[in-house]
Structure formats: C-alpha cells, structure tokens
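Read through the structure below, which is laid out as structure tokens, and then see the notes.
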Amino acid sequence: MTTPIRVLVCDDQALIRTGLVTIIDAQPDLEVAGECADGQTAVDLAGQLRPDIVVMDIRMPVLDGIEATRQLAGTGVRHPVKVLVVTTFNLDEYVYEALRAGASGFLLKDAPPSQLLHGIRTVASGAALLAPEVTRQLVGRYAARIRPTSGNTADRSPLTPRELEVLRLIADGLSNSEIATTLTISPETVKTFVSRILTKLGLRDRVQAVVYAYRHGLAT
C-alpha cells in the first residue's frame with residue numbers, strides 16, 4: 001500500500017481550515033498530519049511532524065504565510081518543506097512574494113476541491129503548480145525586479161548549450177509539450193533536460209528555474 005501524502009494545514013479561519021482538513025482527509029492517498037492557525041505554529045509543527053507538504057494561508061497572526069514559507073522552504077533551509085499557498089487574495093504581489101519565499105505553488109481558496117487536491121498532489125510530487133500562462137504573467141510583471149545587474153552569466157553556467165536553451169524556454173513560460181514542439185524533440189526528452197537542469201542548479205522546481213534564469217541574466 002502506498003504511503004499517503006502527509007499534509008499540514010495552516011489557516012487562521014477555523015471554518016476554512018476545517019473545510020480544507022475535511023476535503024484532504026477524505027482522500028485515500030492524503031492524510032492531514034496536523035493543523036494550525038498561524039505561521040509560527042506552522043513552522044514549529046513542521047519541524048515536529050515532518051509533513052510532505054504545508055497548505056499555507058498568507059494573512060495570519062503572529063507570523064504571516066510569506067515569512068513562514070521563507071522559514072520552511074526558503075534559501076538555505078536545512079530541511080525544506082514543500083509549500084502550497086492557498087489564499088483569498090489574488091494579488092500578483094502576493095504570488096511573487098510567496099514564490100520568492102520558496103513556495104512551490106499558488107491557489108485561490110475559491111478553487112474547486114478537485115483543483116486543491118490536484119495542487120497538493122502536484123506540489124508533493126516535486127512539480128510546481130503554476131500554469132504556463134500564470135508564469136508568463138508573473139515574470140512579465142516582475143522580471144525587472146529579479147533581473148540581475150551583472151549581465152549574462154551563460155558562459156559560467158554548468159549547463160550545456162541545449163540545457164540553457166531549455167531553461168530559457170521554461171522561463172518563457174512554455175510547458176514541456178510546447179518546448180518539445182519548439183525544439184522538435186520528444187516530451188520525454190524535455191523531462192530529462194528539465195530534471196538535469198534542476199539537479200545541476202540545485203533547484204526544487206520550474207518556478208525556481210524561472211527565477212534563476214532571470215536572476216542570472218539567462219532570460220529577458
């Protein structure tokens with residue numbers, strides 16, 4: 001029997017939190033490891049319970065979801081935990097800050113339960129939960145904020161020319177199938193390239209790859 005994905009639910013609204021717990025616990029492949037109402041408790045519980053993923057609200061008392069995400073999944077965290085941000089606030093600023101803090105995905109609370117469950121499974125599998133069009137919109141609006149001032153670093157990159165090409169297409173918001181069509185290669189080959197890129201650069205998912213590409217001048 002497959003071990004269920006263990007989820008920590010963090011939301012300061014009891015009604016929302018109970019709804020999330022109920023939806024998640026009803027799935028045979030998911031299990032609620034714990035629940036809490038503020039970011040600091042989420043950080044503490046994650047250290048104790050070692051969940052596979054944290055479903056995180058943004059606006060909460062004591063410690064907000066952005067800072068809690070940074071402490072759970074940010075750069076330099078010794079034992080990072082995957083974070084799926086679920087919030088009522090559809091503000092680009094929140095999306096950007098959550099992803100920069102280390103979140104692997106972003107969903108709105110008015111999303112149907114099926115989308116929430118898909119999001120949990122997607123992020124737990126190691127993939128990022130941002131549709132290509134969302135990536136395009138996000139990067140288009142905030143690229144200037146993450147673009148480096150030191151110029152192009154492609155000549156110092158550990159990636160091969162082909163891997164750099166794939167990384168640039170990821171940064172453009174293309175899906176694996178779109179990259180496959182663009183480069184006239186199979187989707188399986190694209191998956192292999194993406195895996196190598198993430199491994200070589202020490203990145204967790206495609207979202208981090210997009211930010212990396214812009215931060216290092218590999219995409220414009």
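Read-outs: derived from the displayed coordinates by stated rules, not from any lab. Nothing here was measured: the structure is a model prediction, and the numbers come from that model. A quick note on method: Cβ atoms are made from the backbone with ideal geometry, for glycine too, and the neighbour counts reach across all protein chains shown.
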Highest average packing first - 3-11, 182-190, 15-23, 65-73, Cβ atoms within 10 Å
65-73, 3-11, 15-23, 182-190
Here the stretch 5-13 yields Karplus 3J(HN,Hα) values (6.51, -1.76, 1.60; θ = phi - 60°; whole Hz; Gly and Pro given as x) of 6, 8, 10, 9, 9, 10, 7, 7, 8
Most to least packed among 33-41, 53-61, 74-82 [average Cβ atoms within 10 Å]:
53-61, 33-41, 74-82
Residues with amide H under 5 Å from that of Ile53, placed H, sequence gap 5 or more:
Arg6, Leu8
Zone of Arg6 (label point 7 Å along Cα→Cβ, backbone N under 19 Å): which residues in the stretch 48-68?
48-56
Hey, can you grab everything whose amide H is under 5 Å from the amide H of Leu63? Only 5+ residues off in sequence or another chain; H modelled, so Pro and N-termini drop out.
Gly39, Gln40
Report the extension gain between Arg121 and Arg162 in nm, rounded to one decimal, defined as 0.36 nm multiplied by the number of residues separating them, less their alpha carbon distance.
11.8 nm
